Amino acid sequence: MPNPLSSGYLYLSYPSHPTPPSHLPLSLFRPSHFTLGIIGIAACSSSYSLASALEQFENAVLDIFQDVSTFPLAKVCFAFEDEESSGNAGLREPLSGIVSIPSMMGNKKLYIGTLLADLCSHILAEFGRVV
């Protein structure tokens, strides 16, 4: 297994708004100018479930990207659990589209790079569908 803090670079840009619909015909020529992935961040507790966080994330994505387009290709929501819900993390069944990060993991910075790399691998895998 590689070291979680291996040297390397990942260049991300965070647009403040989606691409205008008039630019969609150019998406296959300049995919780097379009949203290729969406990252959601959620804080989950014992009173706020992963399913609720995933539903809110999906609704937010639909509100922002109302038009049918080729992009975004991949999306994931990172749910950080607080101290009181960490005991229930093993009892929950996994949901597609959300990654639960238990509070007992300690320094979460070690794992965020791996999770972002996983999202990037999903983006690259989806380019075959676009072609």
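Among residues that are at pLDDT 85 or above and over 16 Å from residue 44 (Cβ atoms), residue 121 is included.
Within region 29-60, being in a loop (DSSP other than H, G, I, E, B) and either at pLDDT below 75 or surrounded by 12 or more Cβ atoms within 10 Å (Cβ to Cβ) (or both) holds for 34, 35, 36, 46, 49.
How many residues are assigned to a loop (DSSP other than H, G, I, E, B) and modelled with pLDDT of 80 or more when one looks only at region 79-118?
Of the residues in region 79-118, the ones assigned to a loop (DSSP other than H, G, I, E, B) are 82, 92-97, 102, 106-108.
Filter once more, keeping what is modelled with pLDDT of 80 or more: 96-97, 102.
Total satisfying the criteria: 3.
Pairs linking a residue in region 32-49 that is small (Gly, Ala, Ser) to a residue that is surrounded by 19 or more Cβ atoms within 10 Å (Cβ to Cβ) and modelled with pLDDT under 80, with Cβ atoms under 6 Å and 6 or more positions apart or on different chains, are 45/85; 46/85. Just so you know, in region 65-78 the residues that are among the aliphatic types (A, V, I, L, M) and buried (at least 16 other Cβ atoms within 10 Å of the Cβ) include one that is modelled with the highest pLDDT, and it is 76.
The values are calculated or read from the model by the stated rules, or taken from the named source; none is laboratory data. These numbers were taken from a predicted model, which means no experiment stands behind them. For neighbour counting, all protein chains shown are included, and Cβ atoms are generated from backbone atoms with ideal geometry for every residue, glycine included.
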